[in-house]
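Written out below as structure tokens is the structure these notes cover.
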Amino acid sequence: MVTAVHSAPRVEPIEGLADAIRAALGDAVLAIKDAHFELSVGVQREALADALQLLRDRFDYQQLMEIAGVDYPERAERFEVCYHLLSVTKNHRLRVKVRTDEDHAVPTVTHLWPVAGWLEREVFDMYGVLFEGNTDLRRILTDYGFKGYPFRKDFPLTGYVELRYSEEQKRVVYEPVKLAQDFRSFDFMSPWEGAQYVLPGDEKAKGEAPGAPTPPPPPPPPPPASASPDAKTTKTTDKPADTGAGAPADKAATKQARAPRAKKAEVASAPVEDTPPVENKPKRTRKPKTPEGDA
């Protein structure tokens with residue numbers, strides 16, 4: 001069972017299309033491959049423009065959607081230039097490929113699709129592929145003294161200069177390229193897959209139980225103000241005037257209160273001969289209440 005390798009909408013193949021293209025292009029066709037619901041046609045470099053014009057006019061692939069470059073450094077002709085065509089009447093896509101290297105130019109197709117001018121310029125900017133007949137082949141993003149083509153797989157990431165604005169010198173300066181990370185030292189392994197090395201930042205968690213990291217203890221509370229040797233407190237009971245208390249009113253009662261308990265008992269049991277007897281007063285009779293109607 002054939003499965004697609006990308007999420008693009010699946011397009012049903014057209015029965016007999018490959019044979020029809022092969023018959024129409026003749027010797028210009030190097031190979032035709034139908035894989036992953038995409039039909040790719042390899043053509044000779046010199047016959048590229050004629051082949052694309054025939055596909056546009058006879059097979060109704062009206063639009064040029066993209067021109068992409070691919071680098072195969074191990075090949076004699078290391079670059080592949082891919083033309084992606086779209087037929088809006090057949091609802092079908094078609095890919096045309098051509099091979100070249102650093103020295104041999106690819107015929108331009110700007111006379112067939114004006115949009116090819118910008119797309120060819122991008123391929124030249126990133127891969128260094130030349131296009132014969134393109135009158136505006138220039139660098140796009142790297143025309144500030146940049147050397148080399150960054151999409152080549154053997155493109156060195158060091159050894160070149162970079163420019164930046166220097167606040168100290170108040171001008172743009174050129175410096176050797178400085179990479180913030182190691183050169184292509186990626187392992188593509190997540191921490192959940194059991195990496196056998198210590199990740200940056202995990203050095204402090206060494207020896208700790210598995211799970212969430214233990215939070216640090218809270219800081220001790222500040223000492224009270226009274227415990228501080230420098231703190232000065234004002235006492236409010238140093239003088240009787242501060243508390244509101246006056247002089248003792250009865251010195252004899254104070255002396256009796258401070259006497260021992262046995263002496264207090266003698267004082268309490270002493271006869272009270274000089275004290276006159278208290279006469280019992282007659283009880284006062286209470287006048288009964290009179291009803292309201294009789295008043």
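Values quoted throughout were computed directly from the atomic coordinates according to the rules given, and no laboratory measurement underlies them. Remember, predicted model here, so these are calculated numbers, not experimental data. Here Cβ is always computed from backbone atoms with ideal geometry, including for glycine, and neighbour counts include all displayed protein chains.
Observations on the model:
- Annotation for GLU162 and ARG58: the two label points, set 7 Å from Cα along the Cα-Cβ direction, are 5.2 nm apart.
- Long-range amide H partners of ARG45 with built H, under 5 Å: ARG99
- Debye log10 I(q)/I(0) at q = 0.15, 0.16 Å⁻¹ for the stretch 1-118, Cα point scatterers: -0.68, -0.78
- Phi-based couplings in Hz for the stretch 165-171 (Karplus 6.51, -1.76, 1.60; Gly and Pro marked x): 8, 9, 5, 6, 8, 6, 6
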